[in-house]
Amino acid sequence: MKHINYLFLSATLLGVTLLSSCSKDDEPNLSRTELLTQKPWKLTQTAIVGFGGEPPESTAADDIYTFSADGAYTFDEGASKEDAGDPQTITGTWEFLEDETKIRISYSGITLTQDIIELSTSTLKVRFNFLFDIENTFGH
């Protein structure tokens, strides 16, 4: 059974790679800031590196992450919240680091630095370590 899962995962990754490589020719020549700030992002997948990915929990699937060109960051809980007592929106700041290969997000006294694995007109994929390597993939 594991062999079938690995085969399916390999085929899926190959398909995604082929699709993304075809579409890059059609993408406009935008700066990293323009790609990040062009429109809000939604979480589409969370993965523990080496164990595969999962769609976000239902309460996280409608969360909205907005990055503004002036360095402002806004997180909106969307219609469904995990905890009703949480604020609807949280604001903070963001900045690129290390030749725009990392992004640092600061809000409510918390600072997260994440490696940017992919940034295109349709995908933002970041990796960070919180006890183990986690990858989050965002789309529009």
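Check which residues have an amide H placed less than 5 Å from G78's amide H, if you skip close sequence neighbours.
Placed amide hydrogens put I64 under 5 Å from G78.
What does the net charge come to around G78 if you take all other residues with beta carbon closer than 10 Å to its beta carbon, with K and R at +1 and D and E at -1?
-2
Using the Cβ atoms and a cut-off under 13 Å, what net charge is assigned to the surroundings of I48, where Lys and Arg are +1 and Asp and Glu are -1?
It works out to a net charge of -2.
When ranked by the protection proxy of mean other Cβ atoms within 10 Å per residue, highest first, what sequence do the peptides 98-105, 35-42 form?
The densest-packed peptide leads the list: 35-42, 98-105.
Between L30 and E82, take the C-beta separation as r, use R0 = 30 Å, and let me know the FRET efficiency to the nearest 0.05.
0.35
Just the number: Rg to Rh for the range 42-88, Cα atoms, Kirkwood Rh, two decimals.
Reported Rg/Rh, Kirkwood definition of Rh: 1.06.
Please report the net charge: other residues with Cβ closer than 13 Å to the Cβ of E95, K and R +1, D and E -1.
-1
Rule-based calculations on the coordinates, nothing more; no lab input. The model shown is predicted, which means the values in this text are computed figures rather than measured ones. So basically every Cβ, Gly included, is an ideal-geometry build from the backbone, and we count neighbours across all protein chains shown.
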